[in-house]
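Please treat every number below as a calculation from the coordinates, not as lab data. If you're wondering where the values come from, they're calculated on a predicted model, not measured in any experiment. As a convention, Cβ positions derive from the backbone with ideal geometry for all residues, glycine included, and neighbour counts pool all protein chains shown.
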Amino acid sequence: MRLKQLLVAGLCALGPAVVHAQSADALGWLRKMHNATHKLSYTGTFVYQNGVRSETSRITRFADASGDVEKLEVMDGMPREIVRTKDTVSCYLPGSRVVKVDRRTERDFPALLPERITGLARHYDISLGETHRIAGYDCQAVVLTPRDNLRYGYRLYADVTTGMLLKAVTLDAKGEQVEQMTFTQLTMGGVTRDMVQPRRGARSWRVEDAAAAPAQLAGWGLSKELPGFEKIIELKRRLGETRSAGQVVYSDGMAAVSVFIEPLEARSEPARTGLSSMGAIHIYTREVANHRVTVVGEAPAVSVQRIANAVEYRKP
Amino acid sequence: MKERLSELMDGELDDRSAAEVIKALGSNREAVRAWRTYQLISDAMRESRLLSADFTARFSERLAHEPTVFAPRAMQTESRRWLAMSAAASVAAVALVAWVAFAPQPELKSAAPVAQAEPKPNLVPLPSAANDYLLAHQGFSPRLSLQGMAPYVRTVSEQAVEPRK
C-alpha cells in the first residue's frame with residue numbers, strides 16, 4: 001500500500017486540475033445535502049435494507065428557529081422510537097419500558113461541517129453519477145469511491161430541487177451493496193411540533209441516562225492509528241443502566257468507528273473475542289488489560305479489526 | 001527532510017506535500033538513502049517479506065527497456081511548454097509502468113501495510129448490549145449531517161440478535 005499511496009500521490013499531483021474539475025460539482029452537491037438536512041421539515045417512509053433484512057420506519061423532521069426536532073419510528077418488529085432534539089437523543093423501548101437518554105451539547109458534536117467536506121476528497125474520489133427518480137423526486141447521484149480498502153464506497157441520491165438525500169447505498173470493495181436506506185414516500189413541509197413528540201406516555205418508564213461527558217481516558221490509546229481516521233472525541237459515559245465505559249471516536253469524515261472500554265468486573269458475562277456484523281456495521285470485541293474493548297463502526301471488517309487490535313493500555 | 005520522509009511513509013502528507021517530497025527524492029541522494037533505510041526498518045519491524053536483494057536493479061533494468069513513447073525526438077525543437085508536458089507525461093508513464101509492475105503481483109502484497117492480513121477473526125453473535133453500543137456510536141456518525149437521523153435506524157430488534165455470517 002505504501003508504494004501504491006506513493007504512486008497515487010504522484011499521479012494525483014500530476015493531474016490535480018482533472019481531479020478537481022471532476023469533483024467540484026460533486027462537493028457542491030454534498031454541501032447542498034448538508035444544508036437541506038439542516039433546513040427542511042419533512043415526513044416520510046423509509047426502508048433500511050441489509051442483506052435479506054429490511055425494516056420500514058417513519059422519519060419526521062420539524063425544522064424551527066427555536067430548535068429542530070427529529071423523530072424516527074421503527075414500524076417493523078420490536079417497536080422503537082428515537083427522538084433527537086438539539087442536545088438530546090432519547091430512545092424509547094416500549095418492550096422493556098426503558099428510555100435511553102444521551103445528552104450532548106452541540107459543541108462536542110463532531111458533525112460533518114461544510115468546511116470538512118473538501119477534506120473528504122483525501123480519502124474518497126467524489127464524482128457525479130446518474131440522475132434517477134426516487135419516491136417521485138428527480139435525484140442526482142453523488143458517488144464516493146474510497147481510495148483504499150479501509151472504507152466503504154457510497155452512492156448518495158439527492159433531490160435535484162432541494163438537495164434532500166433520498167437514498168444512500170453503501171458499497172463494499174467489490175462494488176456490492178452492503179446496505180441501503182431509501183425513502184419510499186416523502187412529503188416536504190407541513191410538519192407540526194406535535195408530529196415529533198414521542199407518541200407513548202413514557203413517564204413511568206425507567207430512564208437510562210448515558211451521562212456522557214468529554215474526558216481523558218488515561219493510558220488508553222492506539223499503538224497504530226488507521227490511515228485517514230482521526231480521533232474526534234474522547235468521553236466517559238454509561239452504557240445500559242449502570243455500566244461505566246470510555247468511548248473514543250475516530251472518523252475519516254464519512255465513516256466513524258467508536259472504541260468502547262469497560263472494566264471487566266462491571267460485566268457479568270466474559271468478553272467473547274471476535275467479530276460480528278450487521279449491514280455496514282462491524283463490531284469487534286476483545287479483552288485488553290482486564291477491560292472489555294468493543295469496537296463499533298460503519299467500516300469494513302478489516303478497519304474495525306485493525307483498530308481493535310491496536311488498542312493498548314500503557315500505565316500513565 | 002527526514003521528518004517529511006517519515007510522514008510520507010506513514011501516508012500523513014496531503015497530495016501536494018507528498019508530490020514535493022517525491023520530487024525531492026528524485027534529486028537528493030541522501031534522502032533516497034534515508035528512504036531506503038526507513039523502508040528496511042519498517043519491513044523489519046513488521047516482519048514483512050523482503051523483496052529479493054536485486055529487485056531494484058532488475059526493476060530499473062526492466063524500466064530502462066520500456067519504450068519511451070511520449071517524447072519523440074522531433075518534439076525537442078518545440079516550445080518549452082511541450083518539453084514540460086512531455087516531461088510530465090514521462091513521469092506519468094514511469095508512474096504507470098511502476099503501477100502496472102507492482103499492482104498485479106500478489107507476492108508483493110505482504111510488504112504493504114494495508115494488505116497485511118489481520119488474523120482471520122472468530123465470527124460471534126452480536127453482543128447482547130449491541131443496541132447500547134449502536135446508540136452511543138450513531139450520534140457521532142458524520143452521516144447524520146447529510147442524512148438527518150436515518151443512520152439511527154441501525155439498531156437491533158430483539159429478534160435480530162443472532163449470529164450472522
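Within 10 Å of each Cβ in A:273-285, how many Cβ atoms from other chains are there, averaged over the peptide?
6
Got a sec? Charge dipole of the stretch A:210-313, +1 on Cβ for Lys and Arg, -1 for Asp and Glu; which of A:216, A:310, A:270 is way out at the positive end?
A:270
Could you work out how far apart the two model spin labels at residue A:193 and residue A:161 are, taking each label as a point 7 Å from the Cα in the direction of the beta carbon, and quote it in nm?
2.8 nm
Post the alpha-carbon centroid distance, the stretch A:172-224 to the stretch A:52-70, in whole angstrom.
10 Å
Which value in deg cm²/dmol, rounded to the nearest 500, describes the helix-derived mean residue ellipticity at 222 nm for chain A, given -39,500 (n - 2.57) per DSSP H run of n ≥ 4 and division by the residue count?
-5000 deg cm²/dmol
Please give, to one decimal in nm, the separation of the simple spin-label points placed at residue A:39 and residue A:224, each 7 Å out from Cα toward the Cβ.
Each label point lies 7 Å from its Cα, and together they span 4.6 nm.
Need one number: nm distance between label points at residue B:29 and residue A:290, each 7 Å from Cα along Cα→Cβ, rounded to one decimal.
5.8 nm
Using 0.36 nm per residue of separation minus the Cα-Cα distance, give me the extension gain between residue A:273 and residue A:244 in nm, one decimal.
8.4 nm
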